[in-house]
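Input: a single structure, listed below in structure tokens.
The values are calculated or read from the model by the stated rules, or taken from the named source; none is laboratory data. Just so you know, these numbers come straight off a predicted model, no measurement behind them. No Cβ is skipped: glycine too gets one built from the backbone with ideal geometry, and neighbour counts run over all protein chains shown. Remember, those area values only see protein heavy atoms, side chains included, never the ligands or the DNA or RNA. Shrake-Rupley method; radii C 1.70, N 1.55, O 1.52, S 1.80 Å.
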Amino acid sequence: MADWDDDDDHTVVGDVAEARAFLASRPGSERAYVIVIAGPNLGETHELVGDPDVGRTSEASIHLADSEVSRRHARFFVENGRVVVEDLNSTNGTFVNGERVSRRALDDGDKIQIGTTTILKFSYHDAIDQAFQRRMYDAAIRDGLTGAYNKKYFTERLTSELAYAVRHRSALCLVLFDLDHFKNVNDTYGHLAGDYVLTTLAKGVLDTIRKEDVFARYGGEEFALLSRGIDLEGGRRFSERLRAWIEGHRFVHDGRELPVTASLGVVAVPDVDVTDPAVFVQCADEALYAAKRSGRNRVVAYGD
């Protein structure tokens, strides 16, 4: 029980000097940011430092996973003390507050439409505002235990990435994997040990994959990985390396080594002719269950 009462007449005296020091440690001037308020990257916050460009390419300073955004769509820069957005001859245009522009000086609160679906809000924040925005964004898209993306965010990205891959006939690989007999780990060693396995595994994957890959906790002990530009054979090779890493890694909790292996299912377009995200997941799921039925701790590609 708490050692204080909401109705207590006594108010604890705080350390005013400490509070002042906390505020003084933050930058005094506000900084310019854009927040994604619509589109696949919903919730992301980007500080505008060093004339950043915006585009679909992973090399862009502000990378937007939107098939209707050009590879290099627009850029931000400072001119006469004001932040300016400039369109870079994009296919679908750049709009400020609904008006198509080639370049425009921005005011706090302006809404910048990049293409047809992604909208950025321009604003000034201090460090405290920015930290809050970052925490809110992470809470909305990340799994609280593992730090991987959550299923909702993954599903949204899957829809946009598959639409792009189908439109451009480019490769997109989906891997679903499940830890084998994970219930036994929880039942034998306890749920804290199970949590340790999940967080350790997620960190290992996050340290391995590319920046543009989308890794998510899809269910209790089930994970999903979406990789642009990777065909079925490439996905199979990566999945085998991941399977071997999981099997060979020493998961040690509270002085006890935990046995951990995984079964993985792989599917990719255009190797498989799929346009519906739900069918794409179903194909990966079928491959995953084929791996389980054939003995677990193995990789099966859809169509094998």
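For region 87-113, which residues satisfy the criterion of being hydroxyl-bearing (Ser, Thr, Tyr) and either open to solvent by less than 20 Å² (accessible area, probe 1.4 Å) or outside any loop (DSSP other than H, G, I, E, B) (or both)? Full working, then the answer.
If we filter region 87-113 for residues that are hydroxyl-bearing (Ser, Thr, Tyr), which is where we start, we get 90-91, 94, 102.
SER90, THR94 - these are the residues of region 87-113 that are hydroxyl-bearing (Ser, Thr, Tyr) and either open to solvent by less than 20 Å² (accessible area, probe 1.4 Å) or outside any loop (DSSP other than H, G, I, E, B) (or both).
This table checks each residue for (1) open to solvent by 60 Å² or more (accessible area, probe 1.4 Å); (2) farther than 26 Å from ALA291 by Cα; (3) of a type in the set (Phe, Trp, Tyr).
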{"residue": "TYR137", "(1), (2), (3)": "no, yes, yes"}
{"residue": "GLU156", "(1), (2), (3)": "yes, yes, no"}
{"residue": "SER160", "(1), (2), (3)": "no, yes, no"}
{"residue": "SER170", "(1), (2), (3)": "no, yes, no"}
{"residue": "ASP180", "(1), (2), (3)": "no, no, no"}
{"residue": "ASN184", "(1), (2), (3)": "yes, no, no"}
{"residue": "GLY194", "(1), (2), (3)": "no, no, no"}
{"residue": "THR208", "(1), (2), (3)": "yes, no, no"}
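Go through the residues of region 207-214 one by one and say whether even a single one is among the hydrophobic types (A, V, I, L, M, F, W, C) and either assigned to a helix (DSSP H, G or I) or more than 25 Å from the chain's Cα centre (by Cα) (or both).
Scanning region 207-214, I find no residue that is among the hydrophobic types (A, V, I, L, M, F, W, C) and either assigned to a helix (DSSP H, G or I) or more than 25 Å from the chain's Cα centre (by Cα) (or both), so the answer is no.
Could you go through region 238-246 and let me know if any residue there is free of Cβ contacts under 8 Å to residues at least 24 places away in the same chain and either of a type outside the set (A, V, I, L, M) or crowded, with 20+ Cβ neighbours inside 10 Å (or both). Let's see the steps before the verdict.
First, pick out the residues of region 238-246 that are free of Cβ contacts under 8 Å to residues at least 24 places away in the same chain: 241, 244.
This time we only want the ones that are either of a type outside the set (A, V, I, L, M) or crowded, with 20+ Cβ neighbours inside 10 Å (or both), so: 241.
Yes, there is a match, as at least one residue in region 238-246 is free of Cβ contacts under 8 Å to residues at least 24 places away in the same chain and either of a type outside the set (A, V, I, L, M) or crowded, with 20+ Cβ neighbours inside 10 Å (or both).
Scan region 264-281 residue by residue and report those that are farther than 18 Å from THR159 by Cβ and open to solvent by 50 Å² or more (accessible area, probe 1.4 Å).
ASP271
Hey, among the residues in region 145-154 that are open to solvent by 60 Å² or more (accessible area, probe 1.4 Å) and in contact with an Asp or Glu (Cβ under 9 Å, 6 or more places away or on another chain), which one's nearest to PRO40 (Cα to Cα)?
Among them, the one singled out is LYS151.
Of the residues that make up region 134-143, is at least one closer than 22 Å to SER263 by Cα and either among the charged types (D, E, K, R) or at pLDDT 95 or above (or both)?
yes
Restricting attention to region 114-132, does a residue exist that is without any contact (Cβ under 8 Å) to a residue 24 or more places away in the chain, in a strand (DSSP E or B) and either over 30 Å from ASP195 (Cα atoms) or under 20 Å from the mean Cα position of the chain (by Cα) (or both)?
no
Restricting attention to region 67-86, and to residues there that are open to solvent by 10 Å² or more (accessible area, probe 1.4 Å) and under 24 Å from ARG167 (Cα atoms), which single residue is modelled with the lowest pLDDT?
That would be SER67.
Does TYR164 satisfy being of a type in the set (Ser, Thr, Tyr) and under 24 Å from VAL299 (Cα atoms)?
no
Run down VAL300, VAL272 and say which single residue is under 26 Å from the mean Cα position of the chain (by Cα), in a loop (DSSP other than H, G, I, E, B) and within 24 Å of ALA171 (Cβ to Cβ). Write out each step before concluding.
Numbers: VAL300 fails: in a loop (DSSP other than H, G, I, E, B).
Selected residue: VAL272, the only one of VAL300, VAL272 that is under 26 Å from the mean Cα position of the chain (by Cα), in a loop (DSSP other than H, G, I, E, B) and within 24 Å of ALA171 (Cβ to Cβ).
Starting from region 139-158, keep only residues that are farther than 15 Å from GLU212 by Cβ, then list their pairs with residues that are among the hydroxyl-bearing types (Ser, Thr, Tyr) and surrounded by fewer than 20 Cβ atoms within 10 Å (Cβ to Cβ) whose Cβ atoms are within a distance under 9 Å, requiring at least 6 positions of separation or different chains.
Taking only residues 6 or more apart or on different chains, the pairs are LEU145/THR199; THR146/THR199; GLY147/THR199.
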